[in-house]
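Accompanying notes for the structure given below.
Readers should treat all values here as calculations from the given coordinates under stated rules, not as data from a laboratory. All figures in this text were calculated on a predicted structure; none of them were measured in a lab. Neighbour counts are summed over all protein chains in view; Cβ atoms, including those assigned to glycine, are modelled from backbone coordinates with ideal geometry.
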Number of protein chains: 2
Amino acid sequence: MKVKIDSLKVAARQAILNQGYNPDDAEIILEIIMYAQLRGNNQNVIKLIGAGLPANPNAGDIRVVKDTKLSAVIDGAWNQGMVVVTQATRMAIEKAKAHGFGIVGTHKTNSATGAIGYYARWIANEGLIGFVFSGSGEYMAMYGSYEPFFGTNPLAIGIPTSDNPIVFDMATAAIAYYGIVSAKTAGEPIPEGVAYDSEGNITTDPAKALAGAIKAFGGYKGAALALIVELLTRPLVGTSRNTDGTKEDWGNLVFAVDPELLADDLESFKEGVSDLIARLKDRKKLPDVDEILAPGERGDKFYEQVMATGEIELDDGLWQALQAIAGN
Amino acid sequence: MKVKIDSLKVAARQAILNQGYNPDDAEIILEIIMYAQLRGNNQNVIKLIGAGLPANPNAGDIRVVKDTKLSAVIDGAWNQGMVVVTQATRMAIEKAKAHGFGIVGTHKTNSATGAIGYYARWIANEGLIGFVFSGSGEYMAMYGSYEPFFGTNPLAIGIPTSDNPIVFDMATAAIAYYGIVSAKTAGEPIPEGVAYDSEGNITTDPAKALAGAIKAFGGYKGAALALIVELLTRPLVGTSRNTDGTKEDWGNLVFAVDPELLADDLESFKEGVSDLIARLKDRKKLPDVDEILAPGERGDKFYEQVMATGEIELDDGLWQALQAIAGN
């Protein structure tokens, strides 16, 4: 069904507030969830139903526990991941604008950070090159193993252009955790070759995959990249383990680089990027391809389309569930 | 056949000198080529035969054309890529040691940079986290295209541990350019699904692949990562195009991050990384897997094995060709 974006936003805001957040935090979470929703990304309002995103009753005050000219470490004090990474991104941008480079790590959160392309795009919109890495629980296996050890370990990179920024946002997992959850809810199989059951057999049964482990994308290379994300979001940012060896908290890392450290000036850098992208899009296409898409472009097109109509297509059940949580 | 490492090194050094390099540059090139050779990496002495690595007669003096506290841009003046990236790596390390972060780009080279894990490992051995990106000519197509536009666009990441560093060194291409050249020389097909012919058909014929384009690894994600490498090694570092649109020069980007910007101290960071790797290697293995390998570990094992015997297995024809170039 079609839902007015304004109505969806009102319901989503109330659904977030009803999960225990103060208005400031709710507004941050709403913005990041709506970013995903309006770009056709799966980190959307579906996150608010089912188990939802309940605020942690033990959440305290977010504290900056290390602060240097170029860097900071943030203790998230069990606040929601999007709220903590938003603060990390703001600090990384401030430091990079002042000194050319800013790097901020976070620990002591164990909740979703949403579509991390959001933070990378924000950094790029400030005229900086952004890198974002996000850790989570035990979902994905290393190459050669079938035991969950990594999070789905997304990374996002944002690069300014003369127009919309390039925003590359990918899980290093072969399938998003939410993709498996959605398949289970819908009673559908997951694609062949993306997950193991708990015995190490490849499975297309989402329930068995949830009890097993997700594979990395792209074979050994993808798994090695997942490991790099794991190292950058754990020992580097000071996360901890429980006594049984599982992760006590999840880490995140954001860094921003001023392109003027290398390029003559921001404008000429942006022009150079836009020029390269224009030439890329002009290359010979395979027979079944209408357009060569740069990272982020599919989401931009989706956004323009839904904003033009003011409405968005939503699953009936999802809309009803969201309204119920919002108390409508 | 087995060749003594010392003999191989003597022949390789002479082969490099005979291609027009001064002794200092030859020693740098030798070290990087031998790094690959002694770790089972394909960027090895095979690069010295056939077309080889002839010094560019137009090479001038390498110049630092931009220099800030955290950054530099190097004009390679058509010197050999390994020589120029070695200087970039040295500068990135110095800046990161002094200020926490160092980023150095290079332009005006158009020759091989070798196994770029070499530079990432060097940075990690200095107690820093290293990122290296290397551009080259038109070999790889963007997702949806079959026209070569990207280089094979490798990236390497080095992370210190209490033991050997983690060194992740991968081409974003589905197959190395040298892999196709080697297959053609051997009269063998290339694997299915890694390259297009000039008409956009998937081909296993190496000659047709050389006239066509290599695919990126890992589908759209791998291609997007290749594009990021392209952007970081072209507009950011100031490369140029010829009037026909092809690349005049190839760029490189090296950056180093001091882990103490975030972690308590280098030793605890190294211990945290080693601890995570030990736990990773201890996960449940798939039936056909003897050992879960961390990035760089296969090369380390190869290195230890050949250094223990002082000899290395080399193709007869390759050894003869190398000796011929060395004038033996």
(request) List the distances, in nm and shortest first, from the label point of residue A:40 to the matching label points in every other copy, placing each point 7 Å from Cα along the Cα-to-Cβ direction. (result) 4.3
(message) To make sure I understand the rule: partners must be lysines, Cα under 29 Å from the Cα of residue B:208, and not fewer than 8 residues away in the same chain. Which ones qualify?
(response) A:221, A:281, A:284, A:285, B:47, B:184, B:221, B:247
(message) Report the gain in length on full extension from residue B:207 to residue B:42: 0.36 nm times residue separation, minus Cα-Cα distance, nm rounded to one decimal.
(response) 57.5 nm
(message) With the label 7 angstrom out along Cα to Cβ, how close does residue B:6 come to the same site in each of the other copies, in nm, nearest first?
(response) 8.5
(request) Pop a pseudo-label 7 angstrom from the Cα along the beta-carbon direction at both residue A:248 and residue A:18 and give the gap in nm to one decimal. (result) 3.5
(message) Counting only other chains, and only Cβ atoms inside 10 Å, what mean value do you get across the residues of B:97-109?
(response) 3
(request) Within a 10 angstrom radius of each residue's Cβ in A:210-223, how many Cβ atoms of other chains show up on average? Whole number is fine. (result) 3
(request) At 7 Å along the Cα-to-beta-carbon direction for both residue B:279 and residue A:241, put a label point, then send me their distance in nm to one decimal. (result) 0.4
(message) Between residue B:77 and residue B:98, what is 0.36 nm times their sequence separation minus the Cα-Cα distance? Round to one decimal in nm.
(response) 4.8 nm
(message) For the ranges A:264-275, A:211-222, what's the packing order if you count other beta-carbon atoms within 10 Å of each residue, average per peptide, and put the highest first?
(response) A:211-222, A:264-275
(request) Considering only chain A, pick the residue with its Cβ nearest the axis of the rotation onto chain B, and state the distance in whole Å. (result) A:218, 1
(request) Work out the FRET efficiency for residue A:265 and residue A:199 from their Cβ-Cβ distance, taking R0 = 45 Å, and round it to the nearest 0.05. (result) 0.20
(message) List, shortest first and in nm to one decimal, how far the label point of residue B:20 (7 Å from Cα along Cα→Cβ) is from its counterparts in the other copies.
(response) 7.0
(message) Given the DSSP H assignment, sum -39500 (n - 2.57) over each helix run of at least 4 residues in chain A and divide by its residue total; what's the result at 222 nm in deg cm²/dmol, nearest 500?
(response) -12000 deg cm²/dmol
(message) Whole angstrom only: what separates the Cα centroid of segment B:45-123 from the Cα centroid of segment A:1-23?
(response) 52
(request) For segment B:216-246 and segment A:275-316, compute the distance between their C-alpha centroids and round to whole Å. (result) 20
(request) Evaluate segment A:74-233: find the radius of gyration of its Cα atoms, find its Kirkwood radius, and give the ratio Rg to Rh. (result) 1.02
(request) Give me a single rounded figure for B:258-269: the average over its residues of other chain Cβ atoms within 10 Å of their Cβ. (result) 5
(message) Would any residue of segment B:72-93 have its amide N under 11 Å from a label point 7 Å out along Cα→Cβ of residue B:63? List them or say none.
(response) B:75-77
(request) Compare the peptides B:47-53, A:89-95 by average per-residue count of other Cβ atoms within 10 angstrom and give them in order, highest first. (result) A:89-95, B:47-53
(request) Enumerate the amide H contacts of residue A:71 below 5 Å, restricted to partners 5 or more residues apart or on another chain; note that Pro and chain-start residues carry no placed amide H. (result) A:103
